[in-house]
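In what follows, a structure is listed as structure tokens, so that the remarks can point back to it.
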Amino acid sequence: MSYPQKISRDVVLQTAMALAESHGMAALSMRSIAAELGVTPNALYRYFASKAELEYAMADEVGSMMLNVLLPAAQAPSPLQALPAVARAYIQFARQHPELYGIKLRYCSDEVNEPASHAHVWQFVTALAEGLNTPWPAEDLALSLWAFLHGMVELDRAKALNGRAPEDAMLTGLEVMIAGLLASAGQGSAATTTAPKGRIKQA
């Protein structure tokens, strides 16, 4: 005779994350999670009052996962040198976890109460932008970078990049951005030597 496994809030959350990745968010339900865990759906409500509350927790967890990927990518002598690696890490995360990336984005709207991890990711990106030493406000620069990277992710999902990987497709746009940042800081022609194409591809 088999018995249901002992569950906890974290077990329920991690099971939901795994099911979302393997079957998609559209197929995720309290019933499917319960079936995976070998318990009744009612047992899950001890930890999450509703599916919406569970999805919110998932979005928070995804933000923490993303930050854990971006932080090591930012380990470079300067924010400008870290930018290509961070951009690449962001796109790779979105490609590797499309369903989880989608649930995170659902809770990035100004109209919802954002998970704590979203604020942490935003603080990280804003701090990176602040360190670039440009005349533009750090939040505006961070938003522009995010828009550029998210656009690449969405073009890739729509299969609109003519078979190119978004990590490679972003290369020109990122180099233009870096050149503009350097020019604004009065470094001009140094743009071509700070982030050559080979370096970005290897980031």
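The values are calculated or read from the model by the stated rules, or taken from the named source; none is laboratory data. Please read these numbers as outputs of a predicted model, since none were measured by experiment. Methodologically, a virtual Cβ is constructed for each residue, glycine included, from the backbone with ideal geometry; neighbour enumeration extends over all protein chains shown. The area values use the complete protein model at the heavy-atom level, side chains included, leaving out ligands, DNA and RNA. Shrake-Rupley method; radii C 1.70, N 1.55, O 1.52, S 1.80 Å.
Counting lysine pairs in the chain whose alpha carbons fall under 27 angstrom apart, excluding pairs fewer than 8 residues apart on the same chain, gives 6. Picking from 27, 105, 79, whose Cα lies most toward the positive end of the charge dipole for the chain (charges on Cβ: Lys, Arg +1; Asp, Glu -1)? Looking along the dipole axis, the top candidate is 27.
Take the chain, drop everything but the C-alpha atoms, weight them equally and run the Debye formula without solvent; then report log10 I(q)/I(0) at 0.09, 0.10, 0.12, 0.15 Å⁻¹ to two decimals. Rounded to two decimals, the profile gives -0.42, -0.51, -0.68, -0.94. Size of region 112-170: Rg and Dmax of its alpha carbons, in Å, are 13.9, 37. As a fraction of the 1.4 Å probe accessible area of the chain, surface on carbon and sulfur atoms comes out at 52 percent. Loop-resident GluC sites (Glu not before Pro) (DSSP state other than H, G, I, E or B) in region 107-174 with no more than 12 further Cβ atoms inside 10 Å of their Cβ: 111.
Dipole of the chain, Cα-centred, from +1 at each Lys and Arg C-beta and -1 at each Asp and Glu C-beta, to the nearest 20 debye?
Numbers: 15 positive and 19 negative charges, 117 e Å.
In total the dipole reaches around 560 debye.
Computed across region 60-133, the Kirkwood hydrodynamic radius from all distinct Cα-Cα pairs reaches 12.7 Å. Averaged over its residues, the chain has an accessible area of 53 Å² per residue, based on protein heavy atoms and a 1.4 Å probe.
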